[in-house]
Amino acid sequence: MTILEIIQLAASTLVVLLAFVLIYTKRLPSIQGLIDCANVLNSKGGNLLLLALMSGWFFYEALHFSDRLITLMINKQLSTDNAIALSMFNFVTGTAFGGAFGALLKGMSGEAVVSTGASTVQTDTTTTKTVTTPPVDPPVGSTLGLNTPPVHAETTP
C-alpha cells in the first residue's frame, strides 16, 4: 500500500467512526439543518463553491494522471501512442476540468441564469404547486440551437 492509500483508508475509517459516535450520542444534525445546508448549496454562492472545489479536484487529478502517464512512459510500461491513455488524458484535462472551470467562470460573470425546467412554488403551508416554464429560444446568430434548421427571411418583390 502506498502512503496515499493508507491516508485515504484512515480518513474513511475516521468518517465512519465519527458517524457512529454521532449516532450513539444522538448529536446528528436535524432535518431542518440539512434542508438549510442544501438551500445554501443550491444558491449562487453555493454553486460557485461547489464548482470551485470540483475544478480544483479535477485539476489535481489531471496533474496526478499526467505524472502517472509520464512515469509509465519513462519506465517503458506504456507506449507513447496509447490511444486509451491519451483519450483519458483528454477527458480529464478537457471535459472534466474544462467543464467545471467553464461553468465556474460563467457563474462568476454575473449574468442571470435562465431556468427552463420545472420549479416548485409554495402557495401556503400545506400545498405546493409545480410550475413548468417553456424553454427559451436562443438569440438569433447564436450557436445554441445547432440542431434547429436555419430561419430564412422571405423577400417580397
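The values are calculated or read from the model by the stated rules, or taken from the named source; none is laboratory data. Small disclaimer: the values here were computed from a predicted structure and weren't measured. Every residue, glycine among them, receives a Cβ derived from its backbone with ideal geometry; neighbour counts consider all protein chains shown.
Quick notes on this structure:
- Residue pairs whose Cβ atoms lie under 9 Å apart, separated by 6 or more positions or on different chains, with the first residue in region 75-103 and in the same structural domain as Gly56 (by TED's automatic domain parsing) and the second part of a helix (DSSP H, G or I) and of a type in the set (D, E, K, R), are Val92/Glu61; Ala96/Glu61; Phe97/Glu61.
- Qualifying residue in region 70-86 (condition: assigned to a helix (DSSP H, G or I), touching a Phe, Trp or Tyr at 6+ places or on another chain (Cβ under 7 Å) and not β-branched (Val, Ile, Thr)): no
- Some residue of region 47-57 being out of contact with any helix residue (DSSP H, G or I) (no Cβ under 9 Å at 6 or more places or on another chain) and either among the hydroxyl-bearing types (Ser, Thr, Tyr) or in contact (Cβ under 8 Å) with a residue 40 or more places away in the chain (or both): no
- Meets criteria (within 28 Å of the chain's Cα centre (by Cα) and either closer than 30 Å to Lys106 by Cβ or in a helix (DSSP H, G or I) (or both)) for Leu51: yes
- Qualifying residue in region 83-95 (condition: modelled with pLDDT under 85 and more than 26 Å from Leu4 (Cα to Cα)): yes
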